[in-house]
Amino acid sequence: MIASDISPLASRLSSGAHTRAVTDPFHGDLLEVSMGPHHPSTHGVFRMQVTLDGETIVKLKPVFGYLHRNHEKLGESTSYLGSMPYTDRLDYLNSMTNNWAYALAVEQLAGQPVPERAEYLRVILAELTRLLNHTCLAGFLLQDCGCSGTPLMYAFREREKILDLFEALSGSRMMCNFQRFGGCRTDASPEWLAAAKQLTDGYGAFLDEYERLITGNEILMARTQGVGALKPDLAISAGITGPMLRATGVDYDLRKVDGYGFYPRFEFRVPLGDHGDTYDRYMIRVLEMRESIKIIQQAFATLPAGPVMDPKAKLRGFRPKPGEAYGRIEGPRGEIGFYLVSDGTPNPYRYRVRPPSFVNLTLLEDLCLGHTVADAVIILGSIDIVLGEVDR
Amino acid sequence: MNADSILERGPLLVRDWLVSFLPEPARWLAGSLLAITAVIVAFASLFALLTLIERKVLARVQNRPGPNRVGIPLTKIRLFGLGQPLADGIKMLTKEDIVPRSADRVLHFLAPVALLAFAILTFAVIPFGRHLVPVELEAGVLYFFAAGAATELAVFMAGWASRNKYSLLAAMRALAQLISYELPLLLSVVPVVMLAGTLSTTGIVERQGGWTFGLLPQWHVFTPWGAAGFAIFFVAALAESNRSPFDLPEAESELIAGHLTEYSGFKYALFFMAEYFGMCALCGMGVTLFLGGWQAPLSFLAFIPSYIWFGAKLMTLLLAFMWVRATLPRLRIDQLTRLAWKFLVPLALVNLGVAAFWSLSADWTGAVRLTRWLIAAMLLAGPFVLLGRKLTAGLAPRIYRYAT
């Protein structure tokens, strides 16, 4: 079952897709195009070395590393707390979830408990981040489809509101640096909570508006349905996580599987796709946003009072006992995890990030073969990558 | 309405007065040159205005103000950003003109010039008003589409001469698009020519004169075949002028800027200008063929000069073009050609039959007149539904399940 998926081109050819092998002497002239790193829709400095037969892709080589900045080595030469702001720069759209995953790993390493209010705040912020990320993705994806900015502008209007909330709470729109080992950096004021609640309550209306705007459009359906379809077994064997995996119909959501934080206390559903194509990947994210709204509303309804920081937590001179820990959460793009090995010194001995978009990106060629350049752009868009995280 | 009122003949009187200063043999030439100058100046300033209007319209759709900073230079008067086109023009003129080292220099230079020339040529036969048609041609419609089709050649020249892979892909797309959409565009016009019995644009507009019940206009778009023809014409015109959702040669998110990738400075501005000119010309033709040209929409409004009505209709169509652009995603090249060959062309052929029926049943009167409408509408609606179903087969919104 999995053996046939290891050779993507061979399986494509046997499945009758209209591609010819590159080695076929009758393929005629092939065109090699280097898409990126400065291309409008590679979402940063990403490069696709594509070989085209007409406009059909017969070979695609992803090239990345243009944004490599030695993140993991930096983490090993910095104190545990010193790495926290750096995690913001991994997936720079979703700094809150990066912070949480890193804090979770360190807390596991040091056996550090977290107060209840802080866990609630973390859930609220993580779900707001999910709203933020999926909203952005919906906008970007439709922009890649060729909409002249209208869906993107609609999406960014809402994104700004969430970023305003983040700024009010953490002092920064995108580089939040908010979580600490044993809690959160500051407490949310009643005014902030009221503003966040108002935003969440209005978000469903925005999603309705957005879906009315474009989701039922025939051109969009023609462009995305059946494009870049991913089989569940291939997705599993490649380690795909997040909405991209759930779009193939695999029920795997760390919020349910691990039950980290206080997620088991909240009522929410996990939407699943059946085709694994670009349309499913888009729709799953829209549906996930609706579930996120529910989670946040429940969290607001039951938010307990109390401290947001464990009084015994030690930030300065923090030296965990020797050992190792892997903390992972369900980030908006998939499983974001941090693996830490401590040797008892103030710096981690090993610091390793498991970036979801890097792992999800590995399947790009399999998804794109047999499709056109135009499809490759939206398939890449639907994988949802951030180069800060891919290149680290 | 008095066809010879002073307002109606105004532009002609000005021309004759100016020409009267010249000796008799030079008058014809000078008159033509004046007409050409007037058309170019009018549409060049309309182009400047349209760039601003388009940005404003897009901005309005997208919940943002749009350009509103540049007004009158050296003052604080902003005038809703009316100075923006001027600023853009100055910027474009002062940009460096870059020609890639391996480009075909001659073709690279010729492409924008050719594109603009062909785009301007098409204006020659459009009747802008009752007496205002630059060149009175017997086969005006034919000439228009011949000149219009040549613009795609210039796009191909640009793509080929740039020696850029994206440009080359764009050139391939442009040719596929030209071949696909030229056909429905022409076929949608054939019924008009059939029923008007003339290829002359002024003749077609005059045929659409007269009033039903002394009030309502008798434009072609108000007949079943005219409405269908106009719809096909509109879609094909969008494709012909490379506008969204058919902007494949330029597809920004895929091909960077397509055939424009290697152009900068004023050559780039020329491409832009040609695109808008082409759009204006096609919209003008659409107005002429289907929307009654310079005829007034209601009989009691006929006192307003005809060229104002033409301008109003032209602007309405242009605004519709911009409105379509604001939201729709772009088609893929195979979907684009499929839409043309499997939907628009068959529908246009059916429309031809409907027009023939309409022409044969012209002498039906009374209650039978209503059946004529019904039959024509049904003849069109059936194929429309069937072809449309086939085109969108397998596409549907999906219902999603949730993990238990």
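Per-residue answers, yes or no, for (1) within 22 Å of A:LEU303 (Cα to Cα); (2) among the hydrophobic types (A, V, I, L, M, F, W, C); (3) within 14 Å of chain B (Cβ to nearest Cβ):
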position: A:ARG122; (1), (2), (3): yes, no, no
position: A:THR135; (1), (2), (3): no, no, no
position: A:PHE140; (1), (2), (3): no, yes, yes
position: A:ASP144; (1), (2), (3): no, no, yes
position: A:SER148; (1), (2), (3): no, no, yes
position: A:ARG157; (1), (2), (3): no, no, yes
position: A:GLY171; (1), (2), (3): no, no, no
position: A:MET175; (1), (2), (3): no, yes, no
position: A:ARG180; (1), (2), (3): yes, no, no
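Looking at (1) within 23 Å of B:GLU138 (Cβ to Cβ); (2) without any contact (Cβ under 8 Å) to a residue 12 or more places away in the chain; (3) not acidic (Asp, Glu), find the lone condition where B:LEU301 falls short. Unmet condition: (1).
Among the residues of region B:250-284, just one is within 14 Å of another protein chain (Cβ to nearest Cβ), touching a His at 6+ places or on another chain (Cβ under 8 Å) and part of a loop (DSSP other than H, G, I, E, B), namely B:ILE256.
Only one of the numbered conditions (1) touching a residue at least 24 places away in the same chain (Cβ under 8 Å); (2) over 23 Å from A:ALA299 (Cβ atoms) is not met by A:LEU152, and that is (1).
The set of residues in region B:44-68 being in a loop (DSSP other than H, G, I, E, B) and charged (D, E, K, R) consists of B:ARG64 alone.
Could you tell me which residue of region A:354-377 is surrounded by the fewest Cβ atoms within 10 Å (Cβ to Cβ), considering only residues that are small (Gly, Ala, Ser) and closer than 16 Å to B:GLU254 by Cβ? Once the filter is applied, the top-ranked residue is A:ALA374.
Selection of helices (runs of 4 or more DSSP H) fully inside region A:208-256 by the criterion of at least 3 residues being modelled with pLDDT under 90, away from every other protein chain (no Cβ under 13 Å) and surrounded by fewer than 22 Cβ atoms within 10 Å (Cβ to Cβ) returns nothing. For B:ILE53, the requirement of being within 30 Å of A:GLU209 (Cβ to Cβ), of a type in the set (Val, Ile, Thr) and more than 14 Å from chain A (Cβ to nearest Cβ) is met.
Sort through B:TRP341, B:TRP364, B:TRP323, B:TRP373 and tell me the only one that's surrounded by fewer than 17 Cβ atoms within 10 Å (Cβ to Cβ) and in contact with a Lys or Arg (Cβ under 6 Å, 6 or more places away or on another chain). Among B:TRP341, B:TRP364, B:TRP323, B:TRP373, only B:TRP364 is surrounded by fewer than 17 Cβ atoms within 10 Å (Cβ to Cβ) and in contact with a Lys or Arg (Cβ under 6 Å, 6 or more places away or on another chain).
Examine region A:365-384 for a residue that is away from every other protein chain (no Cβ under 14 Å) and of a type in the set (Gly, Ala, Ser), and state whether such a residue exists. The answer is no; no qualifying residue exists. Looking for something modelled with pLDDT of 90 or more, charged (D, E, K, R), buried (at least 24 other Cβ atoms within 10 Å of the Cβ) and farther than 18 Å from A:SER342 by Cα - is there at least one such residue anywhere in region A:105-122? Yes, that holds for at least one residue. Would you mind stating whether A:ARG319 is more than 14 Å from chain B (Cβ to nearest Cβ) and either surrounded by fewer than 22 Cβ atoms within 10 Å (Cβ to Cβ) or modelled with pLDDT under 90 (or both)? So A:ARG319 passes the test.
If only residues of region A:287-306 that are buried (at least 19 other Cβ atoms within 10 Å of the Cβ) and touching a helix residue (DSSP H, G or I) at 6+ places or on another chain (Cβ under 7 Å) are counted, the one that is farthest from the other protein chains (Cβ to nearest Cβ) is A:ALA299. Taking the criterion of being in contact (Cβ under 8 Å) with a residue 24 or more places away in the chain and in contact with a Lys or Arg (Cβ under 9 Å, 6 or more places away or on another chain), the only residue of region B:344-361 that qualifies is B:TRP358. Please work out if B:ARG101 is within 30 Å of A:PHE156 (Cα to Cα), without any contact (Cβ under 8 Å) to a residue 24 or more places away in the chain and over 26 Å from the mean Cα position of the chain (by Cα). Taking the combined requirement at face value, the residue does not satisfy it. From the residues in region A:194-207 that are buried (at least 18 other Cβ atoms within 10 Å of the Cβ) and aliphatic (A, V, I, L, M), which one is farthest from the other protein chains (Cβ to nearest Cβ)? Step by step, filter region A:194-207, then rank; the result is A:ALA196. The set of residues in region A:307-366 being in contact with a helix residue (DSSP H, G or I) (Cβ under 9 Å, 6 or more places away or on another chain), under 18 Å from A:ALA235 (Cβ atoms) and among the polar types (S, T, N, Q) consists of A:SER357, A:ASN360. Run B:VAL41 past the list (1) more than 14 Å from every other protein chain (Cβ to nearest Cβ); (2) more than 24 Å from B:LEU116 (Cβ to Cβ); (3) part of a helix (DSSP H, G or I) and report the number of the one that doesn't hold. If we test B:VAL41 against (1) more than 14 Å from every other protein chain (Cβ to nearest Cβ); (2) more than 24 Å from B:LEU116 (Cβ to Cβ); (3) part of a helix (DSSP H, G or I), just (2) comes out false.
Filtering region B:119-143 down to residues that are part of a helix (DSSP H, G or I) and either among the acidic types (Asp, Glu) or in contact with a Phe, Trp or Tyr (Cβ under 9 Å, 6 or more places away or on another chain) (or both), which residue is farthest from B:ILE36 (Cα to Cα)? Among residues in region B:119-143 that are part of a helix (DSSP H, G or I) and either among the acidic types (Asp, Glu) or in contact with a Phe, Trp or Tyr (Cβ under 9 Å, 6 or more places away or on another chain) (or both), the one farthest from B:ILE36 (Cα to Cα) is B:ALA119. In region A:153-192, the qualifying residues are those that are in contact with a Cys (Cβ under 9 Å, 6 or more places away or on another chain) and not in a loop (DSSP other than H, G, I, E, B), and the one that is surrounded by the most Cβ atoms within 10 Å (Cβ to Cβ) is A:LEU169. On the stretch given as region B:359-377, residues that are within 23 Å of B:PRO184 (Cβ to Cβ) and at pLDDT below 85 total 2. For B:GLN208, the conditions (1) within 14 Å of chain A (Cβ to nearest Cβ); (2) within 30 Å of B:SER5 (Cα to Cα) all hold with the exception of (1).
The values are calculated or read from the model by the stated rules, or taken from the named source; none is laboratory data. None of these values were measured; they are calculated from a predicted model. We place every Cβ from the backbone using ideal geometry, glycine too, and count neighbours over all the protein chains shown.
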